[in-house]
Amino acid sequence: MRIAVVFGLAMLAASLTGAAHADVRMSGTFVADASCPATQAIKNGKNPGNVSTDAGQSYQLLAGNKDAPTHYLILVPGADPDRRWVKVSCGHLSGSSAATLPATPGGAGKPAASGKPEYVFALSWQPAFCETKSSKSECKAQNPNEFDASNFTLHGLWPQPNGNFYCQVPASDKANDSPAHWKDLPPVDLDAGTRAELDKVMPGTASQLERHEWIKHGTCYGKNQQEYFSDALGLMRAVNGSAVRDLFAKNIGGKLTADQIRGAFDQAFGAGAGDRVRVSCVIDPSSGRRLIGELTLGLAGPIGPNSSLKDLLLASVPTNKAGCPTGTVDAIGFQ
């Protein structure tokens, strides 16, 4: 009896210890690259409702099961319960971070095998974003005559590898880096022209998105705030002046495939450019439509005022995962 009690207490202690340290809180988006079981538990594989991810679908990312996760905890709308575990091999992350990861020393990205720094450049299709974030200030102010009705908007320019966040950032700023507290982050110091362009191309400045992007990613870029946002805006001008933007503008309200989008990148920036592009979709909670929400581009090489987006794309490593296979190009305003 004594052995059984001691064993039981030991097991209870182990389970409590595991519960305290099992989950690493994360933020961002998990994009499924395949249909995979989305389980309530990792060990026993319990799956009420036999829920699976949809290839190309984006899900809110909640946590990893440990510092170097084998599984991600995601939110699956409509599932009961809606918090589900999926294997990391089932998809990829977009704009994600582990809240407990330490800062990586600064620098303009970690050199790739070629010796060039690498980046992810994230472009949003704002109407789709707003279908899922209707309470955001920038979404309440949507207007069919505004820039974001028919152009890509800036999400961010992220030095790689994933996890290269918060370089030499005070603990107080890291603690405030959540949407509810972005207003408490230090203001970004830009000249008047750059500020005006950023407010147009990044509607999220209405919610202080630029403060978050600088604190989390820009501090690892190796340049000052003015240069970081100027470089990102230069890349945005290249995309919005290309056949890629034209393809989206001509198909508002219709559907596009990942192959069509990648083909437009090939047309605009050279054969192979589309192989560096991933498409992410979101589900409109009111209608269930699958909407194209974001494009993420792999870039490699120094970025500056005279950089060629074509060269940066073609210097990066191709991805064989196009992401969301097809989605609707949402029109401005709530549908």
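Quick notes
- Value of D in µm² per second that Stokes-Einstein yields for the chain, Kirkwood Rh from Cα pairs, at 20 °C (1.002 mPa s): 102
- Simple spin-label estimate for Gln267 and Ser287 in nanometres, 7 Å along Cα-Cβ: 2.5
- Under the criterion of Cα pairs below 8 Å and six or more residues apart, the relative contact order for segment 232-320 equals 23 percent.
- Cα lying deepest toward the dipole's positive end in segment 143-269, options Val188, Ser207, His155, charges on Cβ: His155
- Per-selection Kirkwood Rh - segment 258-326 (Cα, Å, 1 d.p.): 12.8
- Potential lengthening of the chain between Asn224 and Asp23 amounts to 68.9 nm, from the contour at 0.36 nm per residue minus the alpha-carbon distance.
- Segment 159-177 and segment 300-335: distance between their alpha carbon centers, rounded to Å: 24
- Residues with amide H under 5 Å from that of Ser316, placed H, sequence gap 5 or more: Ala300
- Assigned charges on the beta-carbon of Lys, Arg, Asp, Glu; the chain dipole about Cα centre (debye): 880
- Amide hydrogen neighbours beyond the local backbone of Asp330, cut-off 5 Å, H modeled: Ala128, Gly253, Ile292
- In this structure Leu209 has an accessible area near 30 Å², from a 1.4 Å probe over the protein heavy atoms.
- For segment 167-224, the mean projected area of the C-alpha convex hull, equal to one quarter of the hull surface, is 3.9 nm².
- Taking only protein heavy atoms and a 1.4 Å probe, the accessible area of the chain is 54% carbon and sulfur.
- Residue-by-residue Karplus 3J(HN,Hα) for segment 163-171, coefficients 6.51, -1.76, 1.60, Hz, glycine and proline x: x, 7, 10, 6, 7, 6, 9, x, 4
- Database remark: amide H of Gly156 closer than 5 angstrom to the amide H of Ala122 (H placed geometrically; neighbours at sequence offset of 5 or more, or on other chains; Pro and chain starts carry no H).
- Cα gyration tensor category, rounded, prolate or oblate, for segment 209-255 with a/c compared to 1.5: prolate
- For segment 27-42, 3J(HN,Hα) per residue [Karplus equation, 6.51 cos²θ - 1.76 cosθ + 1.60, θ = phi - 60°, Hz, x = Gly/Pro]: 9, x, 10, 9, 10, 6, 9, 7, 8, 10, x, 10, 9, 6, 9, 7
- In order through segment 68-83: 3J(HN,Hα) via Karplus (6.51 cos²θ - 1.76 cosθ + 1.60), integer Hz, x for Gly, Pro: 10, x, 9, 9, 10, 8, 10, 9, 10, x, x, 7, 9, x, 8, 8
- Segment 194-329: C-alpha gyration tensor shape, a/c 1.5 cut-off, then a/b vs b/c: oblate
- Nearby lysines by direct alpha-carbon distance to Lys250 (threshold 16 angstrom, same-chain neighbours under 8 apart not counted): none
- Contact order relative to length of segment 157-235, as percent, for alpha carbon pairs under 8 angstrom and 6 or more apart: 44
- In the context of the full set of protein chains, residues of the chain present 47 Å² of accessible surface per residue (probe radius 1.4 Å, heavy atoms only).
- Exceedance of the 19 Å cut-off in Cα-Cα distance is limited, within the set Lys136/Lys183; Lys174/Lys216; Lys136/Lys321; Lys140/Lys200; Lys43/Lys66; Lys200/Lys255, to Lys136/Lys321; Lys200/Lys255.
- By the helix-only formula, in which each DSSP H run with n ≥ 4 contributes -39500 (n - 2.57) and the sum is divided by residues, the chain has a 222 nm mean residue ellipticity of -8500 deg cm²/dmol.
- The eigenvalues of the Cα gyration tensor, multiplied by 5 and square-rooted, give segment 134-262 an equivalent ellipsoid with semi-axes of 27, 17, 15 Å from largest to smallest.
- Kirkwood hydrodynamic radius of segment 128-205, from inverse mean 1/r over distinct Cα pairs, in Å: 14.8
- Around Gly327: net Lys/Arg minus Asp/Glu count, Cβ-Cβ under 14 Å: -1
- Theoretical FRET efficiency, 1/(1+(r/R0)^6), r = Cβ-Cβ of Asn44 and Asn306, R0 51 Å, to 0.05: 0.35
The values are calculated or read from the model by the stated rules, or taken from the named source; none is laboratory data. None of these values were measured; they are calculated from a predicted model. Every residue, glycine as well, gets a Cβ built from its backbone with ideal geometry; the counts of neighbours run over all protein chains shown. The protein model used for the area step is the full one, side chains on, heavy atoms only, and it has no ligands, DNA or RNA in it. Shrake-Rupley method; radii C 1.70, N 1.55, O 1.52, S 1.80 Å.
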